[in-house]
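Notes for the one structure printed next.
What follows is calculated from the coordinates using simple rules that are stated; it is not laboratory data. Note that the structure is a prediction, hence the values are computed from the model and not measured. All Cβ positions, even for glycine, are placed from backbone atoms using ideal geometry, and neighbour counts span all protein chains on display.
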């Protein structure tokens, strides 16, 4: 028998458990009621920003494609005017139609995803649809409902724009094929015509990469959007809604009894499938196994060919342009092509650092292997020796530089600098700058980025530079400079 003491303990434990569960449920409800108000503003800003960039860049590329086709038409007309007229008959009109469509306002209806599946877009759209149907979870229902509808309209608008870019990509691929096949009929094409076709194919590649970059932005949600989605994921009703109404669930619809024994009824077992294969092979005669092996070998050969093509693309090339090495920086915005850095250089006398140069720089990535930039540095004096330490201002410098990748982590580095370093130290109260106090430095050398297992110092750069203008300075300056820097 259970004693009265045991019953009391069980009673209090049960009450405590119910209280904790009720408190957890209340916390979740409170969090949903306190749903971040900036969630919808973040969604609106991001979707409208990406849509605006897609429209702007697509317009630019369509203009370039149309210009390239006109150039191809002029050059082909010199060889075969009839073929040129047939190939480019409706080209200008087609590009105009695409431009009008990409600039037009699309309907913000319940569009279904076609083409590439975007998890970020799916989660965002499904969460807004859930909030629209369950607006009682949020405070100020009337005002919130307007925000939800506006955000959902912007998401649908962006989704429609992405689908339009897929149509543009398909059209460009079709034109690539048509022009390539038409020009392939001629044995000796002029070099200029071949170069124009190559330029067209390069533009097609860069447009595809540009669209891909904007899609990748959807995989990096803002902090507030991530917080809102994480709060919704705590609701069982939202999880069930995702399973039933998300784009992914429509692609891979599962039965309600999935995982249960009733859901497996009628399906063949592995042994049954193997038995059926053996029966089919036996009915094919003595050569059935040989025929099957031959087909498998042919299929493997085709898969290997496909793998080789994919490897060429992954190695930075294009199937239509074998020697093409794309510049991944071309599709990035101006600000994303900037690289900021700092460096440190010390001048010693008898093993004592008499002065140090602390510099900052900003570089612009021309391509994957080259960067050009400007910078400035400030020179601090530390005194004559360890017994006479004195912190003084020794001067400053204006810098320019160019780094070109050689191999691996090694770079060829060069630069030109103006150094202000008067014979007498500068006082902190200031002094008059004279042109004669400025000297020039021409630098050439090598840089290496070293690998350090540290998140902050993983881009540490070592530079060994030769100042070939130092021999002209009076007094003569240090010809060899060693700098340690960091890029971020």
Per the rule of 0.36 nm per residue minus the C-alpha distance, extending residue 278 to residue 82 adds in nm 64.6 nm
Sites residue 60 and residue 305 - FRET efficiency at Förster radius 35 Å, r taken between beta-carbons, to 0.05: 0.50
Dmax and Rg, reported as Rg then Dmax, of the stretch 28-251 (C-alpha, Å): 22.6, 75
Extension reserve of the residue 321-residue 380 stretch, reckoned as 0.36 nm per residue once the Cα distance is removed: 15.9 nm
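Can you give the extra length, in nm with one decimal, that the chain gains between residue 389 and residue 362 once fully stretched, where that is 0.36 nm per residue apart less the Cα-Cα distance? Numbers along the way, then the final one.
Working: separation 27, 0.36 × 27 = 9.72 nm, distance 3.26 nm.
Full extension from residue 389 to residue 362 adds 6.5 nm.
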Order of 88, 35 under a 10 Å beta carbon neighbour criterion, fewest first: 35, 88
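Using r as the Cβ-Cβ distance of residue 245 and residue 212, and R0 as 30 Å, what FRET efficiency do you calculate, to the nearest 0.05? Show your work: numbers first, answer last.
Values: r = 27 Å, r/R0 = 0.90.
So, using R0 = 30 Å, E works out to roughly 0.65.
To the nearest 0.05, what FRET efficiency results for residue 484 and residue 45 with a Förster distance of 41 Å applied to their C-beta separation? Kindly include the intermediate steps, with their values, before the conclusion.
Details: r = 40 Å, r/R0 = 0.98.
After rounding, the FRET efficiency stands at 0.55.
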For 336, 227, 458, order by how many other beta-carbon atoms lie within 10 Å, fewest first: 336, 458, 227
